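**Q** Attaching a single structure in C-alpha cells format; questions to follow.
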Amino acid sequence: MKIFKKSHFLLLLAMMFFSGTGFGQCETDLFLDQCASSLGTYNYIKSFNVVPAKKNAVSEYSYVFSKGSKYMLIVCEQHVDKGKMVVNLFDRSHNLIASTYDKTEGKYYPNLVYSCSTTGLYYIQTTFLDTKSGCGLCILGFTKE
C-alpha cells in the first residue's frame with residue numbers, strides 16, 4: 001500500500017470538497033421548487049438553466065407552443081450582482097412577442113404570460129443586463145384557455 005504525502009492528501013480532500021460547491025456556482029436545483037411554486041395554477045413544463053452568463057451573453061431555447069394554451073415564463077435568478085436576468089419570447093420568425101423587461105420604463109417583471117394563437121416553434125432567449133455574471137432559471141408553464 002502506497003502512503004500519500006500530507007500535501008497530496010490535503011489537495012485530494014480540497015478537490016473533493018470544492019468540486020460541487022464552488023463560490024459563485026449556480027445551484028439551480030436548490031431554488032427550482034421555490035421558483036416553480038410561482039406558476040400557481042399553471043402546469044410546469046420544463047426549466048431552462050442559464051448558468052453561468054457573461055455580461056449581455058444570450059442563451060436561446062426553443063419550444064413548440066400550442067394554439068389555445070396560455071404560457072407563463074418565470075425569471076428565477078441567483079448570484080446576480082447589480083443587474084437582472086431578462087427573458088424574451090420570439091415567434092418562429094424571431095419577432096419579439098413579449099419580454100420581462102420594459103426598456104421604455106426601465107422596469108423588470110418576474111414573469112410574462114402569452115396566450116398562444118398559432119401553434120408553432122417559439123424561441124425563448126435569456127440574458128443578464130448590467131451585470132458581469134449571474135445564473136438562473138427560466139421556468140415554462142402552461143394552462144388551457
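**Q** I'm trying to understand the selection: among the residues of the range 98-108, which are closer than 20 Å to S59 by Cα, modelled with pLDDT under 95 and not in a strand (DSSP E or B)?
**A** K103
**Q** So which residues in the range 117-132 are part of a loop (DSSP other than H, G, I, E, B) and under 24 Å from N56 (Cα atoms), if there are any at all?
**A** D130, T131, K132
**Q** If you take the residues in the range 39-65 that are in a strand (DSSP E or B) and crowded, with 18+ Cβ neighbours inside 10 Å, which one is modelled with the lowest pLDDT?
**A** A53
**Q** Across the range 82-97, what is the total count of residues that are closer than 22 Å to T131 by Cα and assigned to a strand (DSSP E or B)?
**A** Total meeting the criteria: 6.
**Q** I've got another one for you. Any residue at all in the range 24-32 that's surrounded by 16 or more Cβ atoms within 10 Å (Cβ to Cβ), within 19 Å of L112 (Cα to Cα) and at pLDDT 55 or above?
**A** Yes, the conditions are met somewhere in the range 24-32.
**Q** Could I ask something else about it? So if I check each of G68, G83, G20, which one is out of contact with any Ser or Thr (no Cβ under 7 Å at 6 or more places or on another chain) and at pLDDT below 95?
**A** Step by step, each of G68, G83, G20 is checked, and only G20 is out of contact with any Ser or Thr (no Cβ under 7 Å at 6 or more places or on another chain) and at pLDDT below 95.
**Q** Being closer than 18 Å to G68 by Cα and either aliphatic (A, V, I, L, M) or surrounded by 13 or more Cβ atoms within 10 Å (Cβ to Cβ) (or both) is the filter here, so list the residues in the range 93-121 that pass it.
**A** I97, A98, L112, V113, Y114, C116, L121
The values are calculated or read from the model by the stated rules, or taken from the named source; none is laboratory data. Computed from a prediction, not measured in an experiment: that's the story for all the values here. Neighbour counts are summed over all protein chains in view; Cβ atoms, including those assigned to glycine, are modelled from backbone coordinates with ideal geometry.
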